[in-house]
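Beneath this line is the structure, given in structure tokens, with notes to follow.
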Amino acid sequence: MSTFLGLPTAPRGVGHLHQEVPFPAAARQALSNGQLRRNLRKATSTIRDKRAAVVSELPDWEELRAAGRAIKARTMADLGGYLTQLEAAVQERGGTVHWARDASEANQIVARLVREAGSPEVVKVKSLATDEIGLNDALAAAGITAHETDLAELIVQLGRDRPSHILVPAIHRNRAEIRDIFSREMADVDPGLSDEPAALAEAARRYLRRKFLTATVAISGANFAVAETGTLCVVESEGNGRMCLTLPRTLITVMGIEKVIPSWTDLGVFLQLLPRSSTGERMNPYTSMWTGVTPGDGPQAFHLVLLDNGRTAALADPAGREALHCIRCSACLNVCPVYERTGGHAYGSVYPGPIGAVLSPQLTGIAHNASLPYASTLCGACYDACPVKIDIPSLLVHLRARHVEEDIRERRVPSPEAITMAAASWVMANPARYAAAQAASRSGRLLRRRGRISALPPPLSAWTTARDAPVPPRQTFRQWWRTQHPDNPVGRP
Ligand code: SF4
């Protein structure tokens, strides 16, 4: 086993996890796209309604959530132990395990394995881990063509686009846009292709079937890996995964190390939580499981690549590590008012939405994704929806505090925010100063227009460029108290 589970030397994550444009600027651009907002509203509200209906069928839903949370916490407490157990079980059943510290190591391993298998192309079943490490680009650089086979991933790939949702990567595209992409990119497609879902699915099916029947190597992700038996599990809805996992001679699975779970009993809990939370189904149409290699049946070579890429660095933070409990259901995205308006591209990482806002900064180091922990209203909807009860709002606050602390340590000159907070602390530490500040703030009433203050002078204008400021009340609390309690005007006990 590799030594990278030694936490002090764990590398930070690299790959498609960084924001090139900070969230506020990217979000502003996304908000100006009306079509994007309509697509997102329709898609997220449909998935939300389906999820609510199937969740309400289970009287023990809250107990299941608590069980999922407990299993994940137990696994993280001994992640190295469970991974070692998984490695031994996979090898015992004929598979080979590879350990990758970061994106570049994982890409090199996979490219080498494909070359050794003698194949110039591979089929892929949707895998966020391979999106995270930029595997398709790395394979292309090595002269290997990767074909995405999940319908939404295929739309993204043919459109030379980026995924914008964990589960529905092309959620930002509507039917007409998809028809245009297929007409442009698929050879032999019907020139009169309509934008009816059945016609689009048929075009994709014909295109993909040729790939499935000729590819000799497949690459997958994994939803879960059972340590006790070495069994891998992928859930999906289209059957493309089943094709990839059974037809080619060689199967390579790239899996984040946090996907391991201890036992089959634990898998039973997650197979109830995941489909209901992701697609709003009681179970996924395809649940595929395999253990090593079975002679004469399915792939005859199986490689499991265990990917760190910043995960052990996240594990080292006792509070932040909760983000590693995520089972990538996307329920938090579908209920998030920020995600619903900006879409996934604004987050700049393959992990968008609330979970991306807490996971990406931990994988890369907060400095590389500093604006993401602020991309939230802290309304708490994500916490309520999460099937493994990840307290995302508390994690966001935790990461904001870490960001402020790191920022203070690195700056020579205090930030405007730090100066403002120091001034507020000085005022609030003294009753006379506080009363004087309250009196002064009431003059702000002069700036109100139609019951709101929408423009303040600098430096407070930084606040009002994007939002209104509250109008100070006519009376302070102290003044009100004195009118109500003339016999005890200073509130003595
Ligand atoms: S944080 Fe929770 S709700 Fe969001 S994707 Fe992960 S498991 Fe699902």
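Listing for the model above:
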{"read-out": "Per-pair calculated FRET efficiency, R0 = 51 Å: Asp137 and Ile408 via Cβ, rounded to 0.05", "value": "0.85"}
{"read-out": "Once the Cα gyration tensor of segment 391-493 is diagonalised, semi-axes √(5λ) in Å", "value": "31, 21, 15"}
{"read-out": "Taking the C-alpha atoms of the chain, convex hull volume expressed per residue in Å³", "value": "196 Å³"}
{"read-out": "Heavy atoms of Met428 accessible to a 1.4 Å probe, total area in Å² rounded to 10", "value": "130 Å²"}
{"read-out": "Trp290, Trp264, ranked by accessible area, largest first (probe 1.4 Å)", "value": "Trp264, Trp290"}
{"read-out": "Dipole magnitude of segment 391-455, debye to nearest 20 (Cβ charges: Lys/Arg +1, Asp/Glu -1, about Cα centre)", "value": "640 debye"}
{"read-out": "Surface/4 of the Cα convex hull for segment 162-262, nm²", "value": "7.8 nm²"}
{"read-out": "Glu116-Arg205 pseudo-label distance in nm [points 7 Å out on the Cα-to-Cβ vector]", "value": "3.8 nm"}
{"read-out": "Free-standing Cys, the chain [no other Cys Cβ under 4.7 Å]", "value": "Cys233, Cys244, Cys326, Cys329, Cys336, Cys379, Cys386"}
{"read-out": "Partners for Lys42 among lysines (Cα-Cα distance below 17 Å; same-chain residues under 8 apart left out)", "value": "Lys50"}
{"read-out": "FRET efficiency, Ala66 to Ser263 (Cβ-Cβ, R0 22 Å, nearest 0.05)", "value": "0.80"}
{"read-out": "Sequence-separation-based contact order of segment 231-309, relative, with Cα cut under 8 Å and 6+ spacing, percent", "value": "54 percent"}
{"read-out": "Alpha-carbon radius of gyration plus Dmax, which is the widest Cα pair, for segment 96-215 in Å", "value": "15.4, 48"}
{"read-out": "Directionally averaged shadow of segment 179-237, computed from the convex hull of its alpha-carbon atoms, nm²", "value": "5.7 nm²"}
{"read-out": "Global geometry of segment 309-353, whether rounded, prolate or oblate, following the gyration tensor of its Cα atoms and the 1.5 cut on a/c", "value": "prolate"}
{"read-out": "Solvent-accessible heavy-atom area per residue, rounded to whole Å², over the chain at 1.4 Å", "value": "47 Å²"}
{"read-out": "Accessible area of the chain belonging to carbon and sulfur atoms, whole % at 1.4 Å probe", "value": "55 percent"}
{"read-out": "Segment 260-373: Rg to Rh, with Rh as the Kirkwood radius over Cα pairs", "value": "1.03"}
{"read-out": "Structure-based [θ]222 nm, the chain - -39500 (n - 2.57) summed over DSSP H runs of at least 4, per residue, nearest 500", "value": "-14500 deg cm²/dmol"}
{"read-out": "Whether segment 230-325 is rounded, prolate or oblate, judged on the alpha carbon gyration tensor where a/c under 1.5 counts as rounded", "value": "oblate"}
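The values are calculated or read from the model by the stated rules, or taken from the named source; none is laboratory data. All values reported here derive from a predicted model rather than from experimental measurement. Ideal geometry is used to build each Cβ from the backbone, glycine not excepted, and the neighbour counts take in all protein chains shown. For the accessible areas, the whole protein counts, side chains as well, though only heavy atoms, and no ligand, DNA or RNA atoms are used. Shrake-Rupley method; radii C 1.70, N 1.55, O 1.52, S 1.80 Å.
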